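Rule-based calculations on the coordinates, nothing more; no lab input. On a predicted model such as this, the values are computed, not experimentally measured, just so you know. Here the Cβ is made from the backbone with ideal geometry for all residues, glycine too, and neighbour counts use every protein chain on show.
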Amino acid sequence: MSGSAPYHHTPHHRQFVPEHLHLSDTDLSALALNGVGPMGPAAKKTANKVGAIFSERRMLSGHMFQNLNQWHFFYFDNHDQDRYSNHWAAGPHIHLINHLSPGRSAQSVWTEFCDGNPLMKGALHIRFVRIERSAWGGPENSQAAKRFSTWRKRRLIGSRHRHLFLSPAARLAG
């Protein structure tokens, strides 16, 4: 493979739950022993712990692109996509670390990301803007979307009400 050849893509997805939020057998038995009805103190503590798992865990997604001369690693977690409570002032974003990052190698970045709770210091932030698209792939306000919408309405109405789409002269003739 030459240095300018296409990049090889390696994705990795995982979640990281902080150690203090792992559910123990005691936690699970507190829920089981509580039964139906109001929660006792031990069951309520476990329920709170379960809720904290959903807010504090990190669901990580990383993508390594590399050839013989260059590598680029893009990554984000579920908190990076938050619009309002985000660690970056500009809002939703993804991170980039690459072969130009000082003191970094593709292997060291990959290992850091795949093991434990990665901090990935020194990554560049790239603003993430979600573009809403319709089911067929185009922007909602395009001319094609309007034509599709008209076609769909006609199909839903059916032949019984087809006269609604005819001109007045055609209605009188038909």
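Based on the mean of other beta carbon atoms within 10 Å per residue, what is the order of 53-63, 121-131, most packed first? Before the final figure, lay out the partial values.
Working: 53-63: 15.1, 121-131: 11.3.
Highest to lowest by the protection proxy: 53-63, 121-131.
In nm, what is the difference between 0.36 nm times the number of residues separating Gln107 and Leu23 and their Cα-Cα distance? Write out the running numbers ahead of the final one.
Numbers: separation 84, 0.36 × 84 = 30.24 nm, distance 3.26 nm.
Answer, rounded to one decimal: 27.0 nm.
Once amide H atoms are built 1.01 Å from N in the peptide plane, which residues 5 or more positions from Phe128, or in another chain, come under 5 Å H to H?
His93, Ile94
When you count, for each residue, the other Cβ atoms within 10 Å and take the mean per peptide, how do 96-103, 73-80 rank with the highest first? Before the final figure, lay out the partial values.
Numbers: 96-103: 13.6, 73-80: 18.8.
Ranked by mean Cβ neighbours within 10 Å, highest first: 73-80, 96-103.
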